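Just below is one structure, and these are the notes that go with it.
The values are calculated or read from the model by the stated rules, or taken from the named source; none is laboratory data. In this text the structure is predicted, and so the values were computed from the model without any measurement. Neighbour counts are summed over all protein chains in view; Cβ atoms, including those assigned to glycine, are modelled from backbone coordinates with ideal geometry. These area figures cover heavy atoms from the full protein model, side chains too; ligands, DNA and RNA do not enter into them. Shrake-Rupley method; radii C 1.70, N 1.55, O 1.52, S 1.80 Å.
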Amino acid sequence: MRQTGWIAGTAAAALVAAGAITYAVADGGDSGTRTPTADSADAGFARDMSVHHQQAVEMSYIVRDRTKDDEVRRLAYDIAQTQANQRGMLLGWLDLWELPKVSADPPMTWMGMGGMASGKDGALMPGMATDTQLKKLNTLSGKPAEVLYLQLMTAHHQGGIHMAEGCVEKCTVGVERRLAQGMVDSQQSEIDLMADLLKKRGAKALD
């Protein structure tokens, strides 16, 4: 599938660049940027997006094992691999900065939106699937599993884009801002693709 292949290629290029980014941050080569503090937007984004990404990886592996559709399986694999690698980089930066990977503050506090998500039923941040939705996905197969996955991942990406845009605006480490912008661009492309896949299945995104 040409569009999915383009997304995969873009994601791969982003990951190669991100490898260099990690070393730049490690050796202080990011234009003299000071090491972020624990309550900074840089650290908050790294912590929160790593949690957000982990759920996307989980959902993608669930659906990959519950459908035989090549388009959905390929998309799920691309999302799982890209977000697992990005999650590793975000957590690696926290290690490099010698900052904790968890915080007592509510998610998205660094965006001034600490009360935006109640955390009810496991949805810690906007766009995240609830525990109930994940359990349902685990019971489905074939087309119903594909539709629910595409709907949940669309909402998940929308929440992720909102958070990444917050980092683009608020983070001080240039390479982290660039990674966040790359997330915005790639996830919007995947949202467009998922809209087409849902339409093919007579469905649409969740309201």
Q: Calculate, for segment 50-101, the solvent-accessible area per residue in square angstrom, rolling a 1.4 angstrom probe over the heavy atoms of the protein chains.
A: 44
Q) Here are some pairs, Lys170/Lys199; Lys68/Lys120; Lys68/Lys204; Lys143/Lys199; Lys120/Lys199; Lys68/Lys200; which of them have Cα atoms lying more than 24 Å apart in this structure? A) Lys170/Lys199; Lys68/Lys120; Lys120/Lys199
Q) Among all the aspartates and glutamates, which ones have a C-alpha under 13 Å from Lys101's C-alpha, if same-chain residues fewer than 8 places away are not counted? A) Asp39, Asp42, Asp48
**Q.** Accessible solvent surface per residue of segment 113-193, calculated while the other protein chains remain in place, 1.4 angstrom probe, Å²
**A.** 42
Q. Rounded to the nearest 20 Debye, what is the dipole magnitude of segment 67-180 about its Cα centre when Lys and Arg each give +1 and Asp and Glu each give -1 at the C-beta?
A. 200
Q. By the gyration tensor of its Cα atoms, with a ≥ b ≥ c the square roots of the eigenvalues, what is the shape of segment 42-135: rounded for a/c under 1.5, prolate for a/b over b/c, or oblate?
A. oblate
